[in-house]
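Report on one structure; see the data block that follows.
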Amino acid sequence: MTDRPAKLGTRRSPMATSQSQTVADAVTARTGTGVELELITSYGDVTQAQLTQLGGTGVFVNRLREELLSGGIDFAVHSLKDLPTAPAEGLTVAAVVERDDPRDALCARDGRAFEELPPGSVVGTGSPRRVAQLAALRPDLSFVPIRGNAGTRLGKIAQGEVDAVVLAYAGLARVGRLDDVTDVFGPERMLPAPGQGALAVECLASRAGDDLAYLTAVDHAATRAEVTAERSVLAELEAGCAAPVGAYADVGDGRLRLRAAVVAPDGTGAVRRERSVPVGADTAEAASSLGRELAREMIGDGADRIVADAARDSTTPSED
């Protein structure tokens, strides 16, 4: 326990501050260490450009990482799906908090479920992964890119700009907007983004085993194994958040099961695979190997070509 409150760096958005406060409260409850939030504005929060024009992955986390490296904050909380898969020099993920619901949610006018949307309905989403999988299910719908926080996106329905939006269920829960949900997509219909619903606690690697060792108190082993498998798929495919890649792993009955899909942006083609491995003493390495091996199988079936084609489409929006 430290003499002063620890400084937790977070983006300023309502969703980011809500999830960061949840982590802060958990750290204090389990370790007795006081934590105060340090609000930080990232470039991804203020620019109006589509994130693919900015390089996509990392635009929401780089500013927080600068503060970590300079010593301005003690640790940072990220939505794990925003975190690049490549390790950052000098930093480490000290904890992965137990995952919230990883599914995607539909919020539609008149309380409609996805299947009830009239042909030609306009669906707003900032995610090529969602567009690809939704287009495969309903090619008769129209998909448009939108940005902004959850409240801004939901407001576009009332303003008549779109008929529905698709957002992460966990994010809507964190900002108290579950009453707006009209349908939920289980992984059998749409695979979530790798790491969706999970939070990463990042700090200086040099402090992780020293004065910040208490952060391990909020680490959740099963969630870490699941997201490691999912993010290994993304890493092996050399894909970022602008790629139409979905992956979902879950631990149950002594096995780690992983499902992944790479879907063409228009939904007309897809590579889907599933594998599982026993959960043992070295679960982290098993999870990483599972993701890499599954991705290699998918590459053999042309998944890398779908990723490359999607990357060339500069109009494709990025995962929100």
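Taking segment 141-171, which residues are surrounded by fewer than 16 Cβ atoms within 10 Å (Cβ to Cβ) and charged (D, E, K, R)? Within segment 141-171, GLU161 is the sole residue that qualifies.
Contact map, segment 87-113: first residue under 17 Å from LEU8 (Cβ atoms), second residue buried (at least 20 other Cβ atoms within 10 Å of the Cβ) and charged (D, E, K, R), Cβ cut-off under 8 Å, separation 6 or more or different chains; pairs are LEU91/ARG65; LEU91/GLU202; THR92/GLU202; VAL93/GLU202; ALA94/GLU202; VAL96/ARG224. Can you pull out every residue in segment 113-140 that is touching a strand residue (DSSP E or B) at 6+ places or on another chain (Cβ under 7 Å), surrounded by fewer than 18 Cβ atoms within 10 Å (Cβ to Cβ) and of a type outside the set (Gly, Ala, Ser)? Correct list: VAL122 only.
Each residue in segment 19-75 was checked for being at pLDDT below 95, assigned to a helix (DSSP H, G or I) and not polar (S, T, N, Q), and 7 pass. Of everything listed in (1) modelled with pLDDT of 95 or more; (2) touching a Leu at 6+ places or on another chain (Cβ under 6 Å), the single unmet condition for ILE299 is (2).
Criterion applied to GLY267, GLY246 was being within 15 Å of ALA136 (Cβ to Cβ), touching a Lys or Arg at 6+ places or on another chain (Cβ under 6 Å) and assigned by TED's automatic domain parsing to the domain that holds ALA308, and the one residue passing it is GLY246.
Do we find that ASP179 is within 27 Å of VAL77 (Cα to Cα) and either assigned to a helix (DSSP H, G or I) or assigned by TED's automatic domain parsing to the domain that holds LEU294 (or both) in this structure? In short, yes. When residues in segment 1-40 are screened for being under 15 Å from ASN149 (Cβ atoms), more than 18 Å from the chain's Cα centre (by Cα) and buried (at least 18 other Cβ atoms within 10 Å of the Cβ), 0 of them pass.
Candidates in segment 58-98 are the residues that are of a type in the set (Gly, Ala, Ser) and within 19 Å of GLY34 (Cβ to Cβ); of these, the one that is surrounded by the fewest Cβ atoms within 10 Å (Cβ to Cβ) is GLY71. Counting only strands (runs of 3 or more DSSP E) that fall entirely inside segment 201-320 and contain at least 1 residues that are basic (Lys, Arg), the qualifying elements are 255-263, 270-278. Answer yes or no: is there a residue in segment 122-137 that is among the charged types (D, E, K, R), part of a strand (DSSP E or B) and touching a residue at least 60 places away in the same chain (Cβ under 8 Å). Scanning segment 122-137, I find no residue that is among the charged types (D, E, K, R), part of a strand (DSSP E or B) and touching a residue at least 60 places away in the same chain (Cβ under 8 Å), so the answer is no. The residues in segment 182-199 that are surrounded by fewer than 24 Cβ atoms within 10 Å (Cβ to Cβ) and assigned to a strand (DSSP E or B) can be counted, and the count is 3.
The values are calculated or read from the model by the stated rules, or taken from the named source; none is laboratory data. These numbers come from a predicted model, not from an experiment. Cβ sites come from the backbone with ideal geometry, for glycine too, and all protein chains shown count toward neighbours.
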